[in-house]
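The values are calculated or read from the model by the stated rules, or taken from the named source; none is laboratory data. No experiment lies behind these values; they were computed from the predicted model shown. So basically every Cβ, Gly included, is an ideal-geometry build from the backbone, and we count neighbours across all protein chains shown. Heads up: the accessible areas ignore ligands, DNA and RNA and are worked out on the full protein's heavy atoms, side chains in. Shrake-Rupley method; radii C 1.70, N 1.55, O 1.52, S 1.80 Å.
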Amino acid sequence: MRTTRTLAAAATAVAALGLAAPVAAARDGMPVGPSNIVALPSVIARGGQLTITVDGCPRGGTATSDAFRPTTLTPVGGSTAKGTATIDRNARPGSHSITVHCTGSSRPLTHPNAFSVIGGVRGGLGGSSSTGATPTDMAIGGGLIAVALVGGGVFWMRRRAERRI
């Protein structure tokens, strides 16, 4: 029983050292740079707020795109940085990429098609046109109302006739 516990503890220690060694070597020997960019929500309307999370950016940096102004990324712990960008009101609908420049890193990272901007709708009129109803629309609507009135009258008159019998 003791041997099993000793072997389990030794395996755990070796695994922990094995996982920590590449991280230490990357920080000491090679420059750290951004490795992953996540933009949420992935589909957003103009004027909405986009949350950008970047791995491998321990000192923060800047995120840029053609759909929003340059946004500051602040460290949130470990090697992750986070920022919030507001999508421009005149951003074109479609897919947009994000480029991140981390402080202390010489290599930027670009995430193509990181998020999509959708066009807005006109409020107040249910998205209808601002010109109003056409004469054809008015004729169709008036005809439907007339048919409903005549049908209701016929139904009402038939019900009255049935009661008299």
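Selection of the range 46-61 for residues being farther than 14 Å from Pro34 by Cα, out of contact with any Lys or Arg (no Cβ under 9 Å at 6 or more places or on another chain) and open to solvent by 70 Å² or more (accessible area, probe 1.4 Å) yields only Gln49. If you filter the range 78-99 down to residues that are farther than 16 Å from Pro41 by Cβ, open to solvent by 10 Å² or more (accessible area, probe 1.4 Å) and of a type outside the set (S, T, N, Q), you find that the one that is modelled with the lowest pLDDT is Gly78.
For the range 107-122, the count of residues that are among the β-branched types (Val, Ile, Thr), over 19 Å from Ser35 (Cβ atoms), open to solvent by 50 Å² or more (accessible area, probe 1.4 Å) and modelled with pLDDT under 90 is at least one.
Residue-wise test of (1) charged (D, E, K, R); (2) in a strand (DSSP E or B); (3) without any contact (Cβ under 8 Å) to a residue 40 or more places away in the chain.
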residue	(1), (2), (3)
Arg59	yes, no, no
Lys82	yes, yes, yes
Ser105	no, no, no
His111	no, yes, no
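Just one residue in the set Thr72, Thr64 is open to solvent by 70 Å² or more (accessible area, probe 1.4 Å), part of a strand (DSSP E or B), among the hydroxyl-bearing types (Ser, Thr, Tyr) and closer than 19 Å to Gly48 by Cα; that residue is Thr72.
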